[in-house]
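Here the structure comes first, spelled out in structure tokens, and everything after it is commentary.
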Amino acid sequence: MLSRPPVPPRRAVPPPPPARRPAQSSEEEEAPTPRGIAARIANLQLDQIGRSPLQQAETAPPPPPRRNAAPPPPPPRRAPAIERDPELVRLLSRKPPPPPVQARANSAPAVPARRLPPRLPTPEPEPEPEPEYVEEEEQSDEGYQSQAEEPSDSCIKCHDFSFVDAHAASFPRHTVSSVQQLAFDLTAPFDSETEKARALFTWLHHNIAYDAVSFLSGNLKPATADSVLRSGLAVCDGYAGLYLSLAEYAGLQAHKVTGHGKGVGYAALGPNDPVPSESSNHAWNCVLMDGEWRLLDGCWGAGALSGSQYIQRFDPIWFISTAEEFGKRHFPTDTSYQLLPEPISWEEYICEPDGPTIFNDFHTLNFLKDLLQPASPEIASGGWVTFCIFKQCEHMSRAQEDNYVYFINAPDDTKTPLEVNSEGGWSASIYFPRGMRGDVSLNRVTLVNGEDAKGMSTQAWKNAIGRKSMSWGGMARWTMI
Ligand SMILES: [Zn+2]
């Protein structure tokens, strides 16, 4: 371990987790009327639709108090952004955070999430094929149905992190002298805590490989932040430990969280399987970003195991997920780290049935698995079935020119396009005659006569069927029983 230098002044007031207003005052303050997808989903009367993962995203309770160790010295930095915001300083100077208690689902944090700053001028990024970061899409003029809501600077899901990601890619591990220096180099250009946190997250993807050999042999040695930095190898605990150390040196409040993750080797329980006792096999982080505690998984964000081989593959889902989305695959030993107003139980978590099979295009086109309907992997024949898909957030474009034709392929090869609906997604209702069996798939039309089919209308697609060469890619699959 590095011996840590003396503690420089930190924030005047340690920022509490987002405080919640008392229930009785909830109507007096500014109107956090449920908006966008959350409200619309809440109003949907579809079979099987569960709690919307977006509904309660803003009511996160605080994680447990910080440990007692002296705060780590952040590197030299400008006055933290939070101190420069008089409104936040006022709010934060109130009493210390409440313990994690149940909050009303429709209450809102008294400390508003800070708006992410506009992008800095972007230098030419490294010529690196960075996967799948969100196009910031234009609104359409197609009429109300296809219009996304105004992009929101405070929405982490559609925030453009390309500058941050490019910056994080420019500090290869072998050039790094220390964890502290790395933390400073990665975060110094950014005022927003969210962007600082993102830079650390992205750096892990580029520089730390999953130690598949140790993991698969069960020969795991204790790792420190320094040992992971030196070796470039870690399992989840090493990623989370290095992230914590980097975050603390960068002046962020962060925790390492341990618990269960539905990762490699996980298979959903069958309906008659016994409930296994609670176990712990994973580690991740909880970080205060611009007034909001958030969860991130630097290990799963960096890559994935394919058999015994580690594939380095950036997965920003594990940076932008809401607490509820995150909690579908992570169960912290300390339930306050669920950051949910009403923590779920181990049984609810571990007994959650599988959803439909999801393919890569579904994620790269920014669709949200938690809102996919039908939610179960099996579909019964002999009735109407409604299929629905939604983007990751309500700001993402649903305009025709920014999208593909999405269609359902039935077991008899009948193809039905999904149409933009008034709930902010796409849907189609299809009748399946009794006795039909086989795969039902959600697809997108990728190419027509060899050209990218983005922007094609469903009518043009119908007209082209049988007349032009077309190819499509799978996004999700169900089995009809
Ligand atoms: Zn958004």
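Brief remarks on what is shown
- Only one of D361, D413, D402, D370 that is touching a strand residue (DSSP E or B) at 6+ places or on another chain (Cβ under 8 Å) and among the acidic types (D, E): D361
- Members of segment 181-192 found to be away from the ligand (no atom under 16 Å from the Cβ), in contact (Cβ under 8 Å) with a residue 24 or more places away in the chain and more than 16 Å from V228 (Cβ to Cβ), listed by number: F184, T187, A188, P189, F190, D191
- Taken over segment 229-251, the criterion of being outside any helix (DSSP H, G or I) and surrounded by fewer than 24 Cβ atoms within 10 Å (Cβ to Cβ) is satisfied by G232, L233, V235, G251.
- Single residue of segment 209-221 satisfying the filter (in contact (Cβ under 8 Å) with a residue 24 or more places away in the chain and outside any helix (DSSP H, G or I)) that is farthest from the chain's Cα centre (by Cα): D211
- Residue check, K256 over 30 Å from E348 (Cα atoms) and outside any helix (DSSP H, G or I): no
- Total residues in segment 401-436, condition of a type in the set (D, E, K, R) and within 15 Å of the ligand (Cβ to nearest atom): 1
- Within segment 154-208, the set of residues being of a type in the set (G, A, S) and part of a loop (DSSP other than H, G, I, E, B) comprises S154, A169, S170, S177, S178, A188, S192.
- Within the set S178, S154, S217, S170, the sole residue that is polar (S, T, N, Q), away from the ligand (no atom under 16 Å from the Cβ) and at pLDDT below 90 turns out to be S217.
- Spans of strands (runs of 3 or more DSSP E) in segment 408-474 with at least 1 residues closer than 21 Å to K391 by Cα and aliphatic (A, V, I, L, M): 426-432, 438-448
- Residue check for P222: more than 16 Å from the ligand (Cβ to nearest atom) and either at pLDDT 85 or above or surrounded by 20 or more Cβ atoms within 10 Å (Cβ to Cβ) (or both): yes
The values are calculated or read from the model by the stated rules, or taken from the named source; none is laboratory data. Predicted, not measured: the structure shown is a model, and the values here were computed from it. Cβ sites come from the backbone with ideal geometry, for glycine too, and all protein chains shown count toward neighbours.
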